[in-house]
Amino acid sequence: MSYDIEKPDEQWRAELDPAEYAVLRQAGTEPAFTGEYTDTTAKGVYSCRACGAELFTSETKFASHCGWPSFFDPKDTDAVELIEDRSHGMVRTEVRCARCGSHLGHVFAGEGYPTPTDQRYCINSISLRLAPEAG
């Protein structure tokens, strides 16, 4: 797939710190319960740390107690790209930023969370940047 923002690997490496690069560009995962936004309840919009695209809002964030920030829906249906992921001997659905293709995390369904969508977008904090609501 082509993205609105495409950069050579060297440019991504220069713009992101090593931990950000490992998650966003190499589909890594930050350790559970270590991310900046895992337990935050601040109101605002969560954007892609790599390109700034708005991805999720605090209105769809919920406490899943899984170790990563969880959302039940993206801000807009076209904000994220969903891709089948067969790595690590399992079948999952990877979530990427639709604007730059950066890895955000995975989405899971049918886990019984009391949310309107019964989906859990399990997103690495390091993939996000929160713009708090004014006020």
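Descriptive notes on the structure:
- Which listed residue is buried (at least 19 other Cβ atoms within 10 Å of the Cβ), among the aromatic types (Phe, Trp, Tyr), out of contact with any Cys (no Cβ under 8 Å at 6 or more places or on another chain) and touching a residue at least 24 places away in the same chain (Cβ under 8 Å), from Tyr46, Tyr21, Tyr113: Tyr46
- Consider segment 18-52 and keep the residues that are aromatic (Phe, Trp, Tyr) and either in contact with a helix residue (DSSP H, G or I) (Cβ under 7 Å, 6 or more places away or on another chain) or part of a loop (DSSP other than H, G, I, E, B) (or both). The one that is nearest to Pro8 (Cα to Cα) is Tyr21.
- Taken over segment 24-43, the criterion of being in contact with a strand residue (DSSP E or B) (Cβ under 9 Å, 6 or more places away or on another chain), of a type in the set (D, E, K, R) and either within 12 Å of Ser102 (Cβ to Cβ) or surrounded by 15 or more Cβ atoms within 10 Å (Cβ to Cβ) (or both) is satisfied by Arg25 alone.
- Where Ser64 falls short, out of the listed (1) at negative phi; (2) within 14 Å of the chain's Cα centre (by Cα): (2)
Quick note: the coordinates plus some simple rules give every number you see, no bench work behind them. The shown structure was predicted, so the numbers you read here are calculated from the model rather than taken from an experiment. Cβ: placed from backbone, ideal geometry, glycine included. Neighbour counts: every protein chain shown.
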